Every structure is written in structure tokens, then in C-alpha cells.
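This report refers to the structure that appears directly beneath it.
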Amino acid sequence: MFKKAILAAVSVAALAAGAAAPSYAAEKEFRIGILGGENEADRLRNFQCLVDALPAAIGVEKVSLFPAADYDGVIQGLLGGTLDYAELGASGYAKVYLKDPKAVEPILTTVQTDGSTGYYSVMVARKDSGMSKLEDMKGKKLGFADPDSTSGFLVPSVTLPAAIGGQIKEYFGDTGFGGGHENLVLEVVKGNFDAGTTWSSGVGKFEDGYTSGNLKKMVDKGILDMGDLVQLWQSPLIPNGPIVVRSTLSDDTKAKFKAFMMALPESNPDCFSAIQGGDYKGFTEVNEEFYQAIIAARKAKIGS
């Protein structure tokens with residue numbers, strides 16, 4: 001089944017390039033968009049459990065996975081109506097909403113092990129760099145994850161100026177993007193950035209990569225030793241990103257999919273952990289109001 005998923009995977013950007021979205025009156029296929037920034041084989045493997053379980057659960061003939069090269073690939077697929085479900089960061093959802101508020105509906109978000117519905121942007125550097133606090137980064141090179149990442153760019157870009165007492169471009173020697181969260185941290189470890197911003201639950205122990213987030217996923221995959229890193233900064237709490245569905249899906253399909261996802265932490269905890277990347281209590285319902293502060297921040301900082 002995993003090989004079939006790989007063979008079925010195509011560029012989301014290519015899907016979005018069509019002149020018009022096809023009609024899904026029969027809804028025989030359910031299309032899942034997967035954000036970029038992590039090894040593609042790992043992403044496909046993590047979501048394979050949905051390919052296996054969703055057809056019977058929501059009444060479709062097949063489920064297809066579409067891993068994008070970056071965040072914008074999934075965003076464009078959602079805007080073009082060629083994807084039915086994706087899990088976005090809050091800033092990614094804000095971009096979709098600002099382009100077309102009717103394109104998707106946020107229906108669920110994750111709940112951390114401590115009961116919160118938020119997470120953090122954290123700035124990490126190599127432990128052997130000699131740095132231990134944000135002030136040590138003055139004049140050095142800072143890496144961001146992705147222009148459409150909430151924790152990897154938007155939140156640091158609007159909250160760091162207060163923390164450093166000035167403008168990012170004047171405080172740091174240089175900035176750049178690492179091509180997604182996993183790649184960014186690897187670039188920090190390699191020394192190509194002096195520090196970088198990524199996402200974490202902020203719950204649990206730093207040496208474990210916390211309970212969930214990019215650092216935790218990298219530790220679990222064996223590609224990161226937290227002993228090699230030090231944390232320099234943590235943002236204010238950020239709303240957990242939403243599970244979104246295409247607004248024009250039938251009400252029946254939406255209801256079945258939502259029920260399936262709500263039950264997933266109990267019905268298939270391994271699948272739940274695989275697609276979420278760490279330890280969570282479960283899901284809770286959300287709507288667009290939950291993300292209004294992030295929508296406003298993105299509009300002010302980046303525009304649509």
C-alpha cells in the first residue's frame with residue numbers, strides 16, 4: 001500500500017494549476033494535502049494509515065496523498081479546490097482565508113498533553129556555539145523555516161522586535177529560509193545558520209525534543225540529538241493549527257470525516273501519533289474565530 005501511495009503522489013502545485021476545479025458531486029476520491037519541509041517518504045508513510053482506513057469510514061472509493069514541496073503547494077491546492085483535507089499552521093490557514101474565506105473550513109485542532117490548544121516558536125542553536133540567550137545572536141545569521149510557517153516565520157517576525165528592542169534586519173547579521181522545519185534544524189546543526197526558529201509544544205523536557213513538534217519528530221526519527229542544541233528564545237503561545245476541509249464537500253462527508261478524526265486518538269492511537277508527530281491528548285473543535293488574531297497579524301505583516 002505504501003508503494004501505491006508513493007506512485008499516486010503528484011505535485012500539488014500541478015493540481016492547482018488547472019483552469020477550474022473538477023466537480024466532486026460523487027466524491028469518489030478524497031484528496032489529502034501534506035505540507036512540505038520533511039522527508040517525503042516519511043510524510044507518505046505517516047499518512048498511509050488514513051489511506052487504508054478512510055474509504056470505509058467516509059464512503060469514498062479511494063484516498064490519495066499529495067505531498068507538496070513547501071507550504072504554498074498545499075495552500076494553492078486548497079484554494080484551487082483540488083484538495084479535500086489538510087493540516088495547516090495558523091499562518092497557512094490565514095493565507096487561505098485572506099485569499100478566499102470560503103475555500104476551506106477549519107474544523108478541529110490538537111490538544112496538547114497539558115490540555116492547552118497552543119504551541120511555541122523556539123529558536124535553537126548549536127550547543128557548541130557558546131550561545132545561551134537571544135542577545136548572543138546579535139550580528140549573527142538567523143534562519144526561518146518557511147515564509148508561510150506560523151512558528152517558523154510569522155510569529156518570530158512580529159514578536160522578536162520587542163524581544164531584541166529593534167528591527168530584525170538591523171539586529172541580526174543576515175536572515176534566510178531553511179526550506180521547512182526539518183531542513184532548517186539540519187542546516188543549524190551543519191552550521192549554515194547560527195540559529196533557527198522551529199515549532200514545539202513547549203511541554204515536557206527539552207532534551208526529549210518536548211512532547212511534540214518538529215524537534216520531537218526529528219528525535220524520534222533518529223536524525224537529531226537534542227544534546228547538540230541549546231534553546232535561545234521562546235515565543236508567546238501560538239494557536240495550534242487547524243485541520244481544514246474543502247468547504248464544498250458534502251455535509252455528509254464532512255460529518256463522517258470529522259467523526260472519524262475525533263475518534264482517531266482512541267480508535268487508532270498509532271495512526272493519530274503518526275500524522276500529528278508526537279504526543280497529544282486528542283482533538284477539539286474550532287472555527288475561523290479561533291484564528292482571527294493570526295489572520296490579523298498575517299494581514300498586517302505579510303498581506304494576503
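The values are calculated or read from the model by the stated rules, or taken from the named source; none is laboratory data. In this text the structure is predicted, and so the values were computed from the model without any measurement. We place every Cβ from the backbone using ideal geometry, glycine too, and count neighbours over all the protein chains shown. All accessible areas refer to the heavy atoms of the entire protein, side chains included, with ligands and DNA or RNA removed. Shrake-Rupley method; radii C 1.70, N 1.55, O 1.52, S 1.80 Å.
Overview of values
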| quantity | calculated |
| --- | --- |
| Test: residue in region 179-186 that is under 27 Å from Gly115 (Cα atoms), open to solvent by 50 Å² or more (accessible area, probe 1.4 Å) and either in contact with a Pro (Cβ under 6 Å, 6 or more places away or on another chain) or modelled with pLDDT of 95 or more (or both) | no |
| Extreme residue, surrounded by the most Cβ atoms within 10 Å (Cβ to Cβ), among residues of region 53-66 that are out of contact with any strand residue (DSSP E or B) (no Cβ under 8 Å at 6 or more places or on another chain) and closer than 15 Å to Asp252 by Cα | Ala57 |
| Pairs where the first residue, in region 276-300, is more than 27 Å from Glu266 (Cβ to Cβ) and the second is open to solvent by 20 Å² or more (accessible area, probe 1.4 Å) and of a type in the set (Gly, Ala, Ser), C-beta under 9 Å, 6+ apart | Arg298/Ser304 |
| Breaking point among (1) among the acidic types (Asp, Glu); (2) surrounded by fewer than 23 Cβ atoms within 10 Å (Cβ to Cβ); (3) under 13 Å from the mean Cα position of the chain (by Cα), for Asp194 | (3) |
| Which numbered condition Lys216 fails, given (1) crowded, with 18+ Cβ neighbours inside 10 Å; (2) assigned to a loop (DSSP other than H, G, I, E, B); (3) at pLDDT 95 or above | (2) |
| Count of region 160-178 residues which are open to solvent by 40 Å² or more (accessible area, probe 1.4 Å) and free of Cβ contacts under 8 Å to residues at least 40 places away in the same chain | 9 |
| Enumerated helices (runs of 4 or more DSSP H) restricted to region 100-211, each holding at least 1 residues that are over 26 Å from Ile75 (Cα atoms), in contact with a helix residue (DSSP H, G or I) (Cβ under 7 Å, 6 or more places away or on another chain) and among the small types (Gly, Ala, Ser) | 155-164 |
| Yes/no for Gly81 being without any contact (Cβ under 8 Å) to a residue 12 or more places away in the chain and either surrounded by fewer than 22 Cβ atoms within 10 Å (Cβ to Cβ) or touching a Lys or Arg at 6+ places or on another chain (Cβ under 9 Å) (or both) | no |
| All positions within region 242-282 that are under 25 Å from Asp100 (Cα atoms) and open to solvent by 20 Å² or more (accessible area, probe 1.4 Å) | Ser247, Thr248, Ser250, Asp251, Asp252, Lys254, Ala255, Lys256, Lys258 |
| Candidate set from region 227-241 (those that are under 21 Å from the mean Cα position of the chain (by Cα) and aliphatic (A, V, I, L, M)); member that is most open to solvent (accessible area, probe 1.4 Å) | Leu237 |
| Within region 282-304, considering residues that are at pLDDT 95 or above and not in a helix (DSSP H, G or I), the one farthest from Asp114 (Cα to Cα) | Asn287 |
| Region 10-47, subset at pLDDT below 50 and touching a Phe, Trp or Tyr at 6+ places or on another chain (Cβ under 7 Å), residue most open to solvent (accessible area, probe 1.4 Å) | Val10 |
| Unmet requirement for Ala69, which otherwise passes all of (1) assigned to a helix (DSSP H, G or I); (2) out of contact with any strand residue (DSSP E or B) (no Cβ under 6 Å at 6 or more places or on another chain); (3) farther than 24 Å from Ser273 by Cβ | (1) |
| Top-ranked residue in region 241-279 [being basic (Lys, Arg) and in a helix (DSSP H, G or I); ranked as nearest to Leu44 (Cα to Cα)] | Lys258 |
